[in-house]
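Beneath this line is the structure, given in structure tokens, with notes to follow.
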Amino acid sequence: MRLLKPGKGLIGVDITSATVKLLELKQLDNSYQVESYAVRPLREGAVVERRIRDIVDVARVLRNAVEHARPSTKKAAVAVPASAAITKTLTFPA
């Protein structure tokens, strides 16, 4: 499966109850290379049982991770567990 266009990067972010992890991948031929990464600790209680309780602290730590990693791309991949996703079907007039 092809994830990226050759030469283009993509950022992945993982937010857990203890850390914010940032990883930038870049495709080279048929493989991927880590271009930059950062792992930053979160204040205890900022994320509890996969729920962000302190958005200001999480945003601050994420900003710090981005400043440390200095990724060359602005494109990011996001994954949300089904239990946290909100879906709604909207009906519009033709």
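The values are calculated or read from the model by the stated rules, or taken from the named source; none is laboratory data. Model, not experiment: these values are computed from the prediction. Ideal geometry is used to build each Cβ from the backbone, glycine not excepted, and the neighbour counts take in all protein chains shown.
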key: Close pairs from region 49-60: first surrounded by 15 or more Cβ atoms within 10 Å (Cβ to Cβ), partner among the small types (G, A, S) and at pLDDT 90 or above, Cβ under 6 Å, at least 6 apart   = D54/A46; D57/A46; V58/A46
request  = Return the total of residues in region 39-53 being β-branched (V, I, T) and modelled with pLDDT of 95 or more.
outcome  = 1
note = Of the listed residues (E35, E24), the one being touching a Lys or Arg at 6+ places or on another chain (Cβ under 6 Å), modelled with pLDDT of 90 or more and either on the phi < 0 side of the Ramachandran plot or not in a loop (DSSP other than H, G, I, E, B) (or both) is E35
inquiry  = Among the residues that make up region 54-76, is at least one of them modelled with pLDDT of 85 or more, in contact with a helix residue (DSSP H, G or I) (Cβ under 8 Å, 6 or more places away or on another chain) and in a strand (DSSP E or B)?
reply    = no
key: Scan of region 61-70 for residues that are under 22 Å from A18 (Cβ atoms) and touching a residue at least 24 places away in the same chain (Cβ under 8 Å), ordered by number   = V61, L62, N64, A65, V66, H68, A69
